[in-house]
1. Mind listing whichever residues of the stretch 72-95 are assigned to a loop (DSSP other than H, G, I, E, B) and on the phi < 0 side of the Ramachandran plot?
2. Here is a list of conditions, (1) out of contact with any helix residue (DSSP H, G or I) (no Cβ under 9 Å at 6 or more places or on another chain); (2) within 17 Å of Q7 (Cβ to Cβ), and Y75 meets all of them except one; can you say which number that is?
3. Test S98 against the criterion of being in a strand (DSSP E or B), out of contact with any Pro (no Cβ under 8 Å at 6 or more places or on another chain) and open to solvent by 30 Å² or more (accessible area, probe 1.4 Å), and give yes or no.
4. Considering only the stretch 3-29, how many residues are closer than 16 Å to F52 by Cβ and not hydroxyl-bearing (S, T, Y)?
5. For Y75, state whether it is open to solvent by 20 Å² or more (accessible area, probe 1.4 Å) and touching a residue at least 40 places away in the same chain (Cβ under 8 Å).
6. Just give me the residues in the stretch 27-62 being part of a strand (DSSP E or B), open to solvent by 70 Å² or more (accessible area, probe 1.4 Å) and free of Cβ contacts under 8 Å to residues at least 24 places away in the same chain, in sequence order.
7. Taking the condition surrounded by fewer than 18 Cβ atoms within 10 Å (Cβ to Cβ), in contact with a His (Cβ under 9 Å, 6 or more places away or on another chain) and part of a helix (DSSP H, G or I), does E69 pass?
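The values are calculated or read from the model by the stated rules, or taken from the named source; none is laboratory data. Quantities reported herein were computed from a predicted structural model and do not represent experimental measurements. Note: ideal-geometry Cβ built from the backbone for every residue, glycine included; neighbour counts use all protein chains shown. Please note that ligands, DNA and RNA were not included when accessible areas were found on the heavy atoms of the full protein model with its side chains. Shrake-Rupley method; radii C 1.70, N 1.55, O 1.52, S 1.80 Å.
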Amino acid sequence: MLSPKKQADIINERAEKYFIPNIRARYQINIVNDRFDKRYNFFFLKGRPNHFTRSLPLRTLQGEEYDIEYLEAIYRELKKQTNFTIKFICFDGQRWHSNDAEVR
């Protein structure tokens, strides 16, 4: 299992590859909890006015990496590295272990 910093480096590097500066564009990273297959999927979402929004896969964490504490560590590292909005999808009722706050 890779360190959270290394995982964040990989995710950020892949997101930067898709980033093309545009003043009116929207960029964000979506973290999706696939609770049926027990994995976290990272997507880079980019959209411009009058164009289709594109969702591009960045990374998947599964198996022993499917752990909320591990995800929290990756999220904290990712926040340090990027200014993209990070949105959590399908994390209903889950809480971070460090501060018992709801995952948002």
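1. So the first thing to find is which residues in the stretch 72-95 are assigned to a loop (DSSP other than H, G, I, E, B), and the list is 82-84, 90-94.
Answer for the stretch 72-95, where residues must be assigned to a loop (DSSP other than H, G, I, E, B) and on the phi < 0 side of the Ramachandran plot: T82, N83, F84, F91, D92, Q94.
2. Answer for Y75: the failing condition is (1).
3. Working: in a strand (DSSP E or B): no; out of contact with any Pro (no Cβ under 8 Å at 6 or more places or on another chain): yes; open to solvent by 30 Å² or more (accessible area, probe 1.4 Å): yes.
For S98, the condition - in a strand (DSSP E or B), out of contact with any Pro (no Cβ under 8 Å at 6 or more places or on another chain) and open to solvent by 30 Å² or more (accessible area, probe 1.4 Å) - is not met.
4. Going through the stretch 3-29, the residues closer than 16 Å to F52 by Cβ turn out to be 18, 20, 22, 24-28.
Among the residues that remain, those that are also not hydroxyl-bearing (S, T, Y) are: 20, 22, 24-26, 28.
Selection size over the stretch 3-29: 6.
5. Details: open to solvent by 20 Å² or more (accessible area, probe 1.4 Å): yes; touching a residue at least 40 places away in the same chain (Cβ under 8 Å): yes.
Criteria met by Y75.
6. Within the stretch 27-62, R54, P57 qualify.
7. Values: surrounded by fewer than 18 Cβ atoms within 10 Å (Cβ to Cβ): yes; in contact with a His (Cβ under 9 Å, 6 or more places away or on another chain): yes; part of a helix (DSSP H, G or I): yes.
In short, yes.
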